[in-house]
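So the structure is just underneath, and the comments pick up after that.
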Amino acid sequence: MNFINMLQTVDFTTLYPELFLGVMAFLMLLMGLRYKNPRIYSVISFVSLIIAIFLLLIFDSSTSSIFSGILQINDFGLYFAIIMLISSIYMVLPSTREVHEKPELFYATLLFVNISMLVAAFSLNLIVIFIAFEGVSIGTYILTAFGKSRRNLEAATKYFFTGTIATSFILFGSAFYYISAGTFSMENVVSLQSHSVLIAMIFLFVGYGFKLALVPMHQWAVDTYDGSPNSVSAFLSTGTKVLAFLIIMRIFLVGFSPDHTDIFYLFVIISIITMTYGNIAALSETNLKRVFAYSSVAQAGYLILVLAVVSNNYSSSSVDLAILAGMFYALVYIFMKGGAFFSVGLVKKENANIDDLSGLAWKSPVIAVSIIILLISLAGVPPTAGFFAKYYLFLSLISGQLWWLAVIAIVNSALSVFYYLRLIVIMFRRNSDNEFDLSPSVYYPIVIAAILMFVLVALIYEFPTIQTYVSGLFGV
Amino acid sequence: MFMVSIFLLLIILSISAFFVKKKSWEISMISSLIILLLVFIYALLNFWSGYDGGIISNYRLSLVPSIGINFTSGVSSLTLALLFLTTIIMPVALYTSKNGKYGSLFYGLMMLTEVGLFGLLISRNFIFFYIFWEVVIIPVFLLIAIYGGEKRESASLKFFIYTQLGSVFLLLSILTLFAFYYSLNNVFTLNMTTLLSGQFIDGTAIPVFWKYFVIFGFLFAFLVKMPSFPLHSWLPDAYNSAPYPVTVILAGGLSLMGGYGFFAILLPLASIIPSSVSWIIISLGIISLVYFALVAMMQNNLKKMLAFASAASMGFVNISFGVGIMETGSYGIQELTGGIYQILAHGLIIALLFATLFAIKSKTGKENIHSLGGIHREVPILSSIFLGGLLASLGLPGFAGFISEFSVVAASYAILGPLIFLVIFGMIITASYHVWAAQRALYGPYNETLGSIKDIGRHDIMVLGSLLILIFVLGIYPNLIFGAISKYVGVFL
């Protein structure tokens, strides 16, 4: 009765973007009966995702809450919702090449995934987050398996099994959270019952940490990125990772807010292990895609530093700066990592080795310069956007008096320079007869990402504005 | 404003150098000469008279004031001396790239290096200082990685990792200063003058541990660039596998960065540098001087020999800085000014030597001492210029190197005492291997397997000769620059 009442009284306007994407997805499924050209569907999803951004800006830009607080619409969630849509927009057109049959299924699934992402971006309730997150997970299992080759299936199977285990961890964790807090809603948690809170924390951390590929839950990620189509690995390592990052921020900074100390130590340890392991593993790797996969693991370690600063709670300005840095990092990360994964498509072989890039600079200088920009941005070298993202992160660490952590992070980022630059050196090798795939679907994503590495720097001017969104994390 | 407009012009010229299809050598040469001329005019207008230390032509452009990012620039006589060096070695480096078949990418990267050096020298905001610091490294890394000789891949990576490790500590030190300033005053600022002001540094705002940390970070970054003794292992590989133009920039430009850091950033911090650290700097300088000189003596390859000679003479900069901050009064001024003058003199001399060696290499095809021999008979002018460069490098009176080495050694006796003999010992070894190399490579019986070779033409004489004359003029009339530098130093003592 209560539920029906709620449905009758609720104002659905804030859900128009999700509804619109759903309608478009079902429309594409219907069109699949007649049209078989993947191009049509990629263009449709491209356009509908862009329209969804505008709908978000129109209907969700004012603060409100619906379903009695289950969904909190505010600028913070809006920011993440938009950048997750952008990560899909970025991969949707180049993916055309890798979708050979039943394109309508691929793109409809992508839109469904996006709906779940939007819901998760606005939610502060563990159950809603769980359901939305499952939507994303199941959708991405399908996307990963789409190539139908043995490698794709292997990747999808690994992803599926580990993902399912993670799901059960999340459920367990949510249940224990309910025991300790008495509610699934994470707003205004005042006290947590101490016995079950640690169990809840560990279980939720393991469950969501799987998606963010934090060490020691990272091995699926390396294999899955390696085996999936390039555009899907770009999406997996950007869009879903940003989502997992957002959810982890929400759960651990808002839900567990009375329990700062445990959160702090947990995330400090995990971030150090993740950064160091990812970088060291990437050093000895020669498979191109696995190098990027390990570097993506290391990057997740940098992102997690935000939680360490915030839970350390040294001063309000350091907390603001840390969350701001995390928001900016997430945006920049989408393009630098996504562009890097697309660059694997340049190599025409099945298993791209780093030596297969040799001679690229002489075949296509433009693409080589673009990749250089992406790589130095990943390495955090100025004046690229990647540098500023890292710079603000380290700045927040230092302004939160976590010097030693900043030292570890910076030494790590110096370590990572080695394997990024090794790729640059290889590209400039002469006398190689490698053939490169320079078709537009490989060429443009990389070039656009490289240009954005400079354009996004201009966003620094908007930092005072973005800083006002930060409080939205806590559901205000 | 004048300086900033020169810098903007340089940026535009360097970007356009990337897109020139033909005649890229001519265009980048002309642009670097224009910049040199403009810097010269600037110096005449502002420094000819009336300079009394400190920083002039301040320019400030607020970018993100809320977090302290402003483009602030200013020029002191230290900056100006090193700007001269940068703008002079650039045409020399381009001169050595004339015969190589390089594309516009090469010249674009060369000009970009100049942009980085120029920006580094004029910026007075730490964030821009750091950005330009990196802007120098990346083009040089690419130049070695793309156009280097054998072993270029490992050499370029080694170079980059060493210097990147240095930059990391540089960034940490900058951020530390920034954070303590913020916790003291609640103001975000990255302005160099503010963060390095005695009031902030000497106060109790920074705990002792972090003061040492800041000094360590800066010192590490600058010593890598010099390169000084334990952090030098990138040097032989990078110098040897880099093409000649890049070697000129490495020797003149990158060691300049380390020296500039010493005198622009560590000198204002001198009050918190404990004397034990000064002694470490001094001993690293002496070890560099003696050790690199001994290593250079053993080299058969002239390019490697010059690389180590360059590192050895940068040892004087270490000594000068370490001794200078412990001294006061006129001794201190003479010591520190000598160190700055040494950066300038060393850069000019080493650029001349590498450029001349390049001419020898392109005439004879050889750069090993044993494969040359007696070439004075065939190419008298070229070998005379090379001899002149070698004599200047060993510190013969009459050349610029003498002025700086003399003032460093003379003024450091008060602190070093008998240890001065180690410095003198290093100078003797330096002199001996220079003369020995000249004797074996230039004089003696002619190595007939080289065949008959033609002496250098008018253009080469013009470039190399004018550089030699400049070194000579700075050696007999040092006050052109020495006086202005001593005023800059005087502010800190």
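The values are calculated or read from the model by the stated rules, or taken from the named source; none is laboratory data. Computed from a predicted structure; not experimentally measured. As a convention, Cβ positions derive from the backbone with ideal geometry for all residues, glycine included, and neighbour counts pool all protein chains shown.
Points worth noting:
- Filtering A:GLY147, A:GLY69, A:GLY139 for residues that are among the small types (Gly, Ala, Ser), surrounded by fewer than 24 Cβ atoms within 10 Å (Cβ to Cβ), in contact (Cβ under 8 Å) with a residue 40 or more places away in the chain and at negative phi leaves a single hit, A:GLY147.
- Checklist (1) under 26 Å from A:LEU459 (Cα atoms); (2) over 24 Å from the mean Cα position of the chain (by Cα) applied to A:PRO38, failing item: (1)
- Taking the range B:371-399 as the range and being within 20 Å of the chain's Cα centre (by Cα) and touching a residue at least 60 places away in the same chain (Cβ under 8 Å) as the test, the residues that pass are B:GLY389, B:ALA392, B:SER393, B:PHE399.
- Matching helices (runs of 4 or more DSSP H) fully within the range A:208-290 where at least 3 residues are under 23 Å from A:LEU397 (Cα atoms) and at pLDDT 90 or above: A:230-249, A:260-283
- Any chance B:SER233 is assigned to a helix (DSSP H, G or I) and hydroxyl-bearing (Ser, Thr, Tyr): no
- Count of residues meeting criterion [out of contact with any Pro (no Cβ under 8 Å at 6 or more places or on another chain) and in a loop (DSSP other than H, G, I, E, B)] in the range A:58-88: 8
- Scanning the range B:167-198 for residues that are more than 11 Å from every other protein chain (Cβ to nearest Cβ) and either at pLDDT below 80 or in a loop (DSSP other than H, G, I, E, B) (or both) returns B:VAL187, B:THR189, B:LEU196, B:SER197, B:GLY198.
- Residue within the range A:110-125 that is part of a helix (DSSP H, G or I) and over 18 Å from A:VAL242 (Cα atoms) present: no
- Some residue of the range A:233-253 being over 19 Å from A:ILE304 (Cα atoms) and either more than 17 Å from the chain's Cα centre (by Cα) or β-branched (Val, Ile, Thr) (or both): no
- Among the residues of the range B:473-493, those that are touching a residue at least 60 places away in the same chain (Cβ under 8 Å), in a helix (DSSP H, G or I) and touching a helix residue (DSSP H, G or I) at 6+ places or on another chain (Cβ under 8 Å) comprise B:LEU474, B:GLY475, B:ILE481, B:PHE482, B:ALA484, B:ILE485, B:SER486, B:LYS487, B:TYR488, B:VAL489, B:GLY490.
- Selected residue [under 30 Å from A:GLU98 (Cα atoms) and either within 14 Å of chain B (Cβ to nearest Cβ) or not β-branched (Val, Ile, Thr) (or both)] from A:VAL457, A:VAL425: A:VAL425
- Some residue of the range B:176-187 being crowded, with 24+ Cβ neighbours inside 10 Å and touching a Leu at 6+ places or on another chain (Cβ under 9 Å): yes
- Whenever a residue of the range B:453-469 is closer than 15 Å to B:ILE360 by Cβ, its partners that are among the acidic types (Asp, Glu), lying with C-beta atoms within less than 6 angstrom and at least six residues away or across chains, give the pairs B:ILE453/B:GLU378.
- Condition met for B:ALA392 (within 20 Å of B:ASN301 (Cβ to Cβ) and among the small types (Gly, Ala, Ser)): no
- If you go through the range B:199-213 and keep only what is of a type in the set (A, V, I, L, M) and either in a helix (DSSP H, G or I) or under 24 Å from A:PHE387 (Cα atoms) (or both), you end up with B:ILE201, B:VAL208.
- Among the candidates A:ILE127, A:ILE170, A:ILE165, A:ILE131, residue that is farther than 24 Å from A:PHE46 by Cβ and buried (at least 24 other Cβ atoms within 10 Å of the Cβ): A:ILE170
- Verdict on A:SER432 being touching a residue at least 12 places away in the same chain (Cβ under 8 Å) and assigned to a helix (DSSP H, G or I): no
- Filter pass, B:SER57 being surrounded by fewer than 17 Cβ atoms within 10 Å (Cβ to Cβ), more than 13 Å from every other protein chain (Cβ to nearest Cβ), not acidic (Asp, Glu) and not in a helix (DSSP H, G or I): no
- The residues of the range B:1-50 that are within 30 Å of A:PRO365 (Cβ to Cβ), surrounded by 17 or more Cβ atoms within 10 Å (Cβ to Cβ) and among the polar types (S, T, N, Q), listed by number, are B:SER14, B:SER24, B:SER28, B:SER31, B:SER32.
- Taking the criterion of being at the interface with chain B (Cβ under 8 Å from one of its Cβ atoms) and either surrounded by fewer than 23 Cβ atoms within 10 Å (Cβ to Cβ) or modelled with pLDDT of 90 or more (or both), the only residue of the range A:373-390 that qualifies is A:PRO383.
- Here the range B:138-153 is the region considered, the condition is being more than 30 Å from B:LEU190 (Cα to Cα) and more than 7 Å from chain A (Cβ to nearest Cβ), and the residue that is surrounded by the fewest Cβ atoms within 10 Å (Cβ to Cβ) is B:GLU150.
- Among the residues of the range B:169-205, the ones that are among the aliphatic types (A, V, I, L, M) and over 28 Å from A:VAL381 (Cα atoms) come to 3 in all.
- Here A:LEU357 fulfils each of the conditions (1) among the hydrophobic types (A, V, I, L, M, F, W, C); (2) closer than 22 Å to B:PHE220 by Cα; (3) away from chain B (no Cβ under 11 Å) apart from (2).
Quick grid of which residues meet (1) more than 17 Å from B:VAL224 (Cα to Cα); (2) at the interface with chain A (Cβ under 9 Å from one of its Cβ atoms); (3) in contact (Cβ under 8 Å) with a residue 40 or more places away in the chain; (4) in a helix (DSSP H, G or I):
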site	(1), (2), (3), (4)
B:TYR107	yes, no, yes, yes
B:MET110	yes, no, yes, yes
B:THR113	yes, no, yes, yes
B:LEU117	no, no, yes, yes
B:PHE132	no, yes, no, yes
B:VAL136	no, no, yes, yes
B:ALA155	no, no, yes, yes
B:LYS158	no, no, yes, yes
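- Test: B:ALA251 is of a type in the set (A, V, I, L, M, F, W, C), modelled with pLDDT of 85 or more, in a helix (DSSP H, G or I) and more than 30 Å from B:GLN199 (Cα to Cα): yes
- Residue list for the range A:392-408, restricted to those being touching a residue at least 12 places away in the same chain (Cβ under 8 Å), among the hydrophobic types (A, V, I, L, M, F, W, C) and within 10 Å of chain B (Cβ to nearest Cβ): A:PHE394, A:LEU395, A:LEU397, A:ALA406
- Odd one out for A:THR183, checked against (1) of a type in the set (Ser, Thr, Tyr); (2) within 26 Å of A:LEU71 (Cβ to Cβ); (3) assigned to a helix (DSSP H, G or I): (3)
- Extreme residue, farthest from A:LYS241 (Cα to Cα), among residues of the range A:183-228 that are of a type in the set (S, T, N, Q) and crowded, with 23+ Cβ neighbours inside 10 Å: A:SER228
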